[in-house]
Amino acid sequence: MAQKRDLRVFMRESAKTEEIVTVPGPDSIKDEDGKPIMLEIKVLSNETIQKINDNYKRKSIAVDKKGTPYIANGEVAFRVERDNIKASQHIIAEALVYPDLKDPELMAFFNCNDIAEMPLKVFPRADEYAHVSRAVMVALGLASEAAQEEQENVLNEAKN
């Protein structure tokens, strides 16, 4: 007979809260004392990340060139399109606590109404955006440091 295991080990308060981590920001953005800023990143739950990704997924009926729906196993087939770039930008905007990309004053300064566009507005240089994107994705566990460094090396070699 199987022994009943204690499930209390999974009843962690930390599983119900989103931790905030601090990481160095891009070298090109300095505070009033001339020091590089520190980014504050909320470690979003998988559920939150999934909801954001789902918002950038569109499902439509798959059709041929004549507009006839494809049928598979007696059912209409669907085509799923994802806007992974926009979803990533939204995740960055949602995860950043400092700077708060959802701040109405900051959004007004950049004349922007969509928080998913804010990371590109606030970090317009490719190196700034890459730094912030990498920091957020690593903090969220969506990318490893090693994979990000390898990708960065490839990009640097392509520039040269």
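The values are calculated or read from the model by the stated rules, or taken from the named source; none is laboratory data. These numbers come from a predicted model, not from an experiment. All Cβ positions, glycine included, derive from the backbone under ideal geometry; neighbour counts span all protein chains shown. These accessible areas exclude ligands, DNA and RNA; they are computed on the full protein's heavy atoms, side chains included. Shrake-Rupley method; radii C 1.70, N 1.55, O 1.52, S 1.80 Å.
The table for this structure:
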item: Selection from region 55-99 of residues that are closer than 18 Å to ASP114 by Cβ, of a type outside the set (Ser, Thr, Tyr) and surrounded by 15 or more Cβ atoms within 10 Å (Cβ to Cβ); result: ASP83, LYS86, ALA87, GLN89, HIS90, ILE91, ILE92, ALA93, GLU94, ALA95, LEU96, PRO99
item: Residue tally, condition open to solvent by 100 Å² or more (accessible area, probe 1.4 Å) and within 30 Å of VAL80 (Cα to Cα), over region 1-49; result: 2
item: Residues (modelled with pLDDT of 90 or more and farther than 28 Å from GLU18 by Cα) located in region 54-109; result: PHE109
item: GLU81 more than 20 Å from the chain's Cα centre (by Cα) and free of Cβ contacts under 8 Å to residues at least 60 places away in the same chain; result: no
